[in-house]
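Since the structure comes first, as structure tokens, the remarks are kept for the end.
All of the numbers you see were taken from the coordinates with simple rules; none came from a lab. What you are looking at is a predicted structure, and each value in this text was computed from that prediction instead of being measured. Ideal geometry is used to build each Cβ from the backbone, glycine not excepted, and the neighbour counts take in all protein chains shown.
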Amino acid sequence: MNPVLLAFIPGALIGLAVALLLLGIAPRSVRASDVLERLDAHYQAAPAEGAGPVAGGRAGERAGSWLHTHMPDIPFLATPTRELDLLDVTPAAFYFRKLIYAVVGVLTPVALSLMLALIGSSTGGVGVPTIAFPLILSLILPLIFWFIPDQQVRTLAAARRREFTRFVTSYLELVAVALLGNTTADAALTAAANVSDSWVFERIRREYRIAETIRSSKWQALERLGETVGVPALGEMARVMRLSEAQVSVRDQLRAACDKLRAQVVTDDAVQAQRVSNLMQAPIFLTIFPIMALVLIPTALQFQGGGLSF
């Protein structure tokens, strides 16, 4: 084969892999009509599916939707619906990202094999075993890369749950303060939810709007939201607010639940800090090891070459 062509193909494949990766993570400029059309489709669909845009546009949305529809319903390949809903990402966007990672996993070993073939031809070697090994990787790496977005989604969702729980403590306090006035539990929940424009309070207000549409109570909306996003604190709050139906004062119970939840947040933060500290031990050891090697190896070689003298 022409050496110029052999030099061009690996670069083209690597460039294509990088372009596909950037296509999935780079922000895109969209037209106002597309935005309005997407928002209209979102509010007509089920609110639990989120409104995360698909990075690849309509083609990426169709590819992600097809994968989501035809994916086998087994636990190992199940869609992390709860995590995606918490992150406000659609399944189509999630599966399109998985497709991009899988394509990068296929193209990277192929490009590596072509580069090794070029090196082997330039040196006069056959290079067949050298080419075969990267091609075998092209069957393994796509499977590994396919599950990378799953781990990313679970990590981001865990961080968001901790943030959600931290905001719920403030929301409990605000509801307890609102109940000091001559107001009902329903009005206190609404007033406290309108205090902040953060994503947590916006999500609570969205659930309240859904509850008004389907004519259910706000504590039922809180319980439903807690089960959807996996935040048990919302379910605890819903059980306390349900007592208001029996004309029971719930302010003291809310303050007690707030103190309990705040202590839980402090404990979880301490556990997370300890986990991060443990993860830092390996990088610290890898940093110290070369320094110790530079100090000890010359001394050991000197003793070995000259022997010990007294």
Relative contact order (%) - criterion: Cα under 8 Å, at least six apart; region: the range 137-267
27 percent
In this structure, the FRET efficiency calculated for Ala191 and Ala78 from their beta-carbon separation, with R0 = 41 Å, to the nearest 0.05, is 0.55
Taking R0 as 41 Å, what FRET efficiency do you get between Ala158 and Arg62 from their Cβ-Cβ distance, rounded to the nearest 0.05?
0.85
Would you work out the relative contact order for the range 160-230, in percent, from Cα pairs under 8 angstrom that are 6 or more residues apart?
25 percent
Cα centroids of the range 213-249 and the range 69-87: how far apart, whole angstrom?
26 Å
With 0.36 nm assigned to each residue of separation and the Cα-Cα distance removed, Leu180 to Met292 gains 33.9 nm
Work out how much length Thr299 to Glu212 would gain on full extension: take 0.36 nm times their residue separation and subtract the Cα-Cα distance, in nm to one decimal.
23.5 nm
